[in-house]
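The values are calculated or read from the model by the stated rules, or taken from the named source; none is laboratory data. These figures come from a predicted structure and were not determined experimentally. Backbone-built Cβ (ideal geometry, glycine too); neighbour counts: all protein chains shown.
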Amino acid sequence: MASDDSLPTLKILLIGPSGAGKSALLTRYCEDVFEPESATATIGIDFKRWFDEVEMNTVPGVALYLVGTKIDRPRAVPTEEGRALALAHGAGFCEVSAKTSDNVREPFVEVVDLAVADPALLREADRGREGTVSVDGAAGGGGCSC
């Protein structure tokens with residue numbers, strides 16, 4: 001098995017509005033923990049805006065994956081609507097619940113599989129990019145080293 005130093009770096013960007021479940025999903029995936037105080041409702045999301053931001057701030061051919069969160073709660077977006085949006089943008093799609101752990105691994109495994117299938121994505125990730133994508137005009141930061 002290769003040492004961690006010899007493995008390429010893959011950068012995964014989680015974007016979406018406040019309260020969508022990004023942190024809960026990442027915490028569940030990395031630490032297998034769910035923190036209920038972070039489980040706030042999100043309604044009326046402009047999904048197209050997020051895809052536009054990704055296209056403007058990433059390299060061509062980036063692996064896209066749309067994740068519907070909070071499937072343990074009453075549905076705000078029908079599954080087929082999410083699937084159709086993902087298909088229209090050439091993205092993968094799944095629905096998850098950080099609370100129940102349902103499908104939490106799927107989007108991460110799928111994105112890694114897409115990157116492994118396209119070595120150009122791994123080369124681009126290894127080059128490194130300065131800065132972060134900010135959809136609200138503020139500088140951001142953070143990450144997970146799991």
Can you find even one residue in segment 55-65 that is assigned to a helix (DSSP H, G or I), under 19 Å from LEU25 (Cβ atoms), modelled with pLDDT under 90 and of a type in the set (A, V, I, L, M, F, W, C)? no
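Considering only segment 13-38, state which residues are part of a helix (DSSP H, G or I) and closer than 19 Å to GLY82 by Cβ.
In the first step, residues of segment 13-38 are kept if they are part of a helix (DSSP H, G or I); the result is 22-31, 36-38.
Listed by number, the residues that qualify are LYS22, ALA24, LEU25.
Does ALA125 satisfy the condition of being under 15 Å from LEU13 (Cα atoms), modelled with pLDDT under 90, of a type outside the set (Phe, Trp, Tyr) and in a loop (DSSP other than H, G, I, E, B)? Spell out how you get there, then give the answer.
Values: under 15 Å from LEU13 (Cα atoms): yes; modelled with pLDDT under 90: yes; of a type outside the set (Phe, Trp, Tyr): yes; in a loop (DSSP other than H, G, I, E, B): no.
Considered against the rule, which asks whether it is under 15 Å from LEU13 (Cα atoms), modelled with pLDDT under 90, of a type outside the set (Phe, Trp, Tyr) and in a loop (DSSP other than H, G, I, E, B), ALA125 comes out as no.
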Can you list residue pairs whose Cβ atoms sit under 9 Å apart, with the first residue in segment 79-101 being part of a helix (DSSP H, G or I) and the second being among the acidic types (Asp, Glu)? Count only pairs 6 or more apart in sequence or on different chains. THR79/GLU95; GLY82/GLU95
Show the residue pairs that are 6+ apart or on different chains and have beta-carbon atoms under 7 Å apart, the first residue being within segment 16-31 and within 12 Å of ARG105 (Cα to Cα), the second being hydroxyl-bearing (Ser, Thr, Tyr) and surrounded by 17 or more Cβ atoms within 10 Å (Cβ to Cβ). LEU25/THR69
Tally of residues being farther than 20 Å from ARG75 by Cα, modelled with pLDDT of 80 or more and not aromatic (Phe, Trp, Tyr) across segment 16-51: 8
